[in-house]
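For reference, the structure discussed in these notes is given below.
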Amino acid sequence: MRGLCVLRRADGVVVCLLLLVYSAHADDFKVEVPVEPVSASVGSSVILPCRISKGVSAVDMEVRWVKNKNEIVHVYTNRADLEGRQSPEFKGRTHLDKEPLGSGNMSLQLNDVRVSDEGSYQCFVVAKSWFADSTMKLKVLALGSSPRFTVVGWQDSSITLQCDSEGWFPKPELQWRNVKGADLTGRAVLTEKPGADGLFTLQSALQISEQEADGIICLIRHGEEKRVLQTRIHIDGEFFTLVAPWWKGLSVFLIVCVTAFVVLVVVGVYNYKNLKDSQAMAEQSHEAECDDLRKELKSHGFVLKSEWEAIQRESVAVTLDPDTAHCRLTVSEDGKRVRNDFNDKTLPNPERRFDHHCIVLGREGFTSGRNYWEVEVGKRDNWKLGVASESAKRKGHVDLSPKEGYWVLQLLNGRDLNALTDPDTPLELLPPMKVGVHLDYEEGKLSFYRVEDHFVIYTFLGKFSGKLFPLFNPGEEGYELVILNKQDQSDHSVSSKAEPPHTPV
């Protein structure tokens, strides 16, 4: 609490006192962040997960991300981002997705990760009557270049090799070894050079004799998993052969130049290959992190963006069939809206029409494929949506369960969601404003989605046979259910009782 008050001291002491009062209600809700640190590679993007317990909407709340208690990372309030309040080092590098806020998901995307981004991040949320926060950690990693050799000196029967590598974080460990595994690091001179970007460059020099020249290895260990990169060099014994003193210096100089050139060419080719391998490893690591995040999101019931787009591409046109509607229902002329007038109309009563349940079916039936449609239910106390078999009983009281040819999702009392199985399956979830219905006939799956945040409400599993028709029950008097065409995915006001002209059925 004190940290948030210090950040907002420019707004006055009154704000601090208000937040102290708000905290009295914070015990009812929790801000949930990962317990373990989140890792990210330099230059990549990372998601900092944060959500409110119980799925409470954060759309109208203030959301604030703070690093190390004094650097403002991102501020969202009054349904807008306040870029002017960000610390300069974070400007243009953060993104808060607004759509998941409706389910309390306040996760922040941080782009172009830098070494300086490592640290503790606090996720604050301030509502009208309470506020809460929680802290997580971000670890930054950078995999540097493979070690490379240069010959920097010689004296009598020994030469000095230098091993270089750059672009590391955190600082790695450099070791020298011979082909027998003996550690030669104690004889080397190590120089560390942290750059302006926070990445480390290592330089180490080692003097070796002719007896050690048959194989020298420079290796680097990095990170908690001790990832190892190494390079080996072999120097022919003739390089150390004693020659006549008067031209020894010249011959050594020429030999060193030629050897250095060959070594540089070989090491350059080898280093290029290692660089490609390192980049591939970094990409695999990044992809693995993304896979873990995708699995975590799906484990909580959310559909990935790519999967959601694929589902919506399977949208089909659905219209209502007035000949199936209960006599209290009124269907619009375009077949897209239905309401319950609680007024029994005198109508023909064919076998197709429901005479007990206030249900109407769609004109379109499905016997194969994947089919998706959306229905705007709005804020209402009750409704039913699903599919019905063509052969299902429609007269009298019917048990709306799969064994009778009905697969139905129901809302009661404005808050109780149930899948009408045998017995009913209660679903302790936030009721949707729009419901997506996806029928995969061959797979025997009927799924219901909360369209606002791409959340899976419930999935019926089984085996379908015969033709299946979309099912609708609008619930309360005067309120409509609206079937949304693919081109009409904007918000509709369905809580009003003012309607366009309807055709009674």
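Take the Cβ atoms of Q312 and Q230, set R0 to 41 Å, and the FRET efficiency comes out at 0.25. Residues whose amide H falls under 5 Å from that of F472, counting only those 5 or more places apart or on a different chain, are V360, with hydrogens built in the peptide plane. For the pair D355 and V189, label points projected 7 Å from Cα toward Cβ lie 10.4 nm apart. Summarising the amide proton neighbourhood of F464: residues at separation of 5 or more, or on other chains, whose placed amide H is nearer than 5 Å comprise G444. Each of M433, M61 has its accessible area taken with a 1.4 Å probe; listed largest first, they run M433, M61. Accessible surface computed residue by residue for the range 130-197, with neighbouring protein chains in place and a 1.4 Å probe, gives 48 Å² per residue. Shape summary: the range 316-380 maps onto an equivalent ellipsoid whose semi-axes, from the alpha-carbon gyration tensor, are 22, 16, 10 Å in decreasing order.
Placing a pseudo-label 7 Å from each Cα along the Cα-to-Cβ vector at R79 and Y272 gives an inter-label distance of 5.7 nm. Amide H to amide H, with H built 1.01 Å from N, I457 comes under 5 Å of F448, Y449, R450, counting only residues 5 or more places away or on other chains.
The values are calculated or read from the model by the stated rules, or taken from the named source; none is laboratory data. Small disclaimer: the values here were computed from a predicted structure and weren't measured. Every residue, glycine among them, receives a Cβ derived from its backbone with ideal geometry; neighbour counts consider all protein chains shown. SASA here: full protein model, heavy atoms, side chains in, ligands and nucleic acids out. Shrake-Rupley method; radii C 1.70, N 1.55, O 1.52, S 1.80 Å.
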